[in-house]
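Every number in this text was worked out from the coordinates using simple rules, so none of it is lab data. Note that the structure is a prediction, hence the values are computed from the model and not measured. Cβ placement follows ideal geometry from the backbone for every residue including glycine, while neighbour counts extend to all protein chains displayed.
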Amino acid sequence: MNGRKNIYYRVFHRGQGFHYTDTGYNLLGLIIESITSKPYADVLHEYIFTPLKMKHSYLAQFSEPAVKSDNPVAHLYLDDLKISVEQYRSFSSFYSGGQTVCTLEDLLVFMKAFVNNQLVIEESLRLMQNWEKMQLGLKYGYGLMKLQFLPFTEKYTVWGHLGASGSFMVYVQAMDVYLTGSFNQTTYQLKSINYLFMNVLRKLAQINK
């Protein structure tokens, strides 16, 4: 015995809340590998990228896209620090928690397939939308976020997911509109939400009056 004690912190009792953490997604990736007996990157290509013809999508540092893009991979900015997801080996720690690289066009293909039950059955999609309040205007389900920019106004309500780099992939159900984008800057998380509401949703709502 080395005399050290293991300290555990309980955020809430089982079944009485939730706490967002990327670690959960990495654990899910390991579960996928255990069930399929295949590397997580291979599973992405076999079950998602290839069937949906997402030719420019891959898991950085673990696989390659089916078709290499003519454009360079965008850098990720951590405030003023510029990071290349291809060169920084430490970036591999994101893994199934957020290391996939794709074009916005491929992301749109994925979101459309997801919403229209090409990736998960309707019953599973409903289960994923079992929303719990995360903060004002933001709820979380199973791997999905729901943003309500104005209470009781469905045209300003979207669901999908936001990324740490100011990225977004959401569906505006009231208008049957899909929105994908990214600022590639970790300081733009709040700005991306403001952009969605002020610059996109409000204009779409005016068009759809």
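What is the Rg over Rh value, at two decimals, for region 105-155, using alpha-carbon atoms and the Kirkwood definition of Rh? Show your work: numbers first, answer last.
Working: Rg = 12.4 Å, Rh = 12.2 Å.
So for region 105-155, dividing Rg by the Kirkwood Rh gives 1.02.
List the residues whose amide H sits under 5 Å from the amide H of GLN173, counting only those 5 or more places along or on another chain, with H placed 1.01 Å from N in the peptide plane.
TRP159
At most 16 other Cβ atoms within 10 Å and a DSSP loop assignment: could you name the GluC sites (Glu not before Pro) in region 35-119 that fit?
GLU86
Relative contact order for the chain: what percent, with Cα pairs under 8 Å and sequence separation of 6 or more? List each step's numbers first, then the result.
Numbers: 268 pairs, mean separation 28.5, N = 209.
14 percent.
Could you give the size of the charge dipole of region 1-102 about its Cα centre, using +1 on the Cβ of each K and R and -1 on the Cβ of each D and E, expressed in debye and rounded to the nearest 20? Could you put the intermediate results ahead of the total?
Working: 10 positive and 9 negative charges, 95 e Å.
My answer is approximately 460 debye.
Excluding residues on the same chain fewer than 8 positions from LYS68, give the lysines whose Cα lies under 17 Å from its Cα.
Cα-Cα hits under 17 Å: LYS53, LYS55.
Express the relative contact order of region 1-102 as a whole percentage, based on alpha carbon pairs under 8 Å and six or more residues apart in sequence.
27 percent
To the nearest 20 Debye, how big is the dipole of the chain about its Cα centre, given +1 on the beta carbon of each Lys and Arg and -1 on that of each Asp and Glu?
Approximately 660 debye in magnitude.
Below 25 Å Cα-Cα, how many Lys pairs turn up in region 69-209? Only count pairs eight or more apart in sequence, or on different chains, if you could.
The result is 21.
Can you tell me the length gained on complete extension of the stretch ASP22 to ALA74, counting 0.36 nm per residue apart and subtracting the Cα distance?
Net length gain for the segment: 16.5 nm.
Hey, any idea what Rg/Rh is for region 24-117, computing Rh the Kirkwood way over Cα pairs?
Numbers: Rg = 13.7 Å, Rh = 14.2 Å.
My calculation puts Rg/Rh at 0.97.
From zero outward in steps of 5 Å, how is the percent of C-alpha pairs of region 75-192 spread across the bins?
The distribution over region 75-192 is 2, 10, 17, 23, 20, 14, 8, 4, 1, 0, given as percents.
Could you sort 79-85, 115-121 so that the peptide with the highest average Cβ count within 10 Å comes first and the rest follow in order?
Details: 79-85: 11.6, 115-121: 13.4.
Final packing ranking: 115-121, 79-85.
State the answer as a single residue: which of VAL101, LEU59, PHE152 lies farthest towards the positive end of the charge dipole of region 58-155, with beta carbon charges of +1 for Lys and Arg and -1 for Asp and Glu, about the Cα centre.
PHE152
Taking one equal scatterer on every alpha-carbon of the chain, how large is log10 of I(q)/I(0) by Debye at q = 0.12, 0.19 1/Å?
With no solvent term, the Cα-only Debye profile gives -0.73, -1.66.
Report, in debye and to the nearest 20, how large the dipole of region 103-209 comes out about its Cα centre when Lys and Arg carry +1 and Asp and Glu carry -1 on their Cβ.
Around 440 debye, computed over region 103-209.
If you stretched the chain out fully between MET175 and GLN189, how much longer would it get, using 0.36 nm times the residue separation minus the C-alpha to C-alpha distance?
2.6 nm
What 222 nm value per residue comes from the helices of the chain, counting each DSSP H run with n ≥ 4 as -39,500 (n - 2.57) and dividing by all residues, nearest 500 deg cm²/dmol?
Value at 222 nm, helices only: -6500 deg cm²/dmol.
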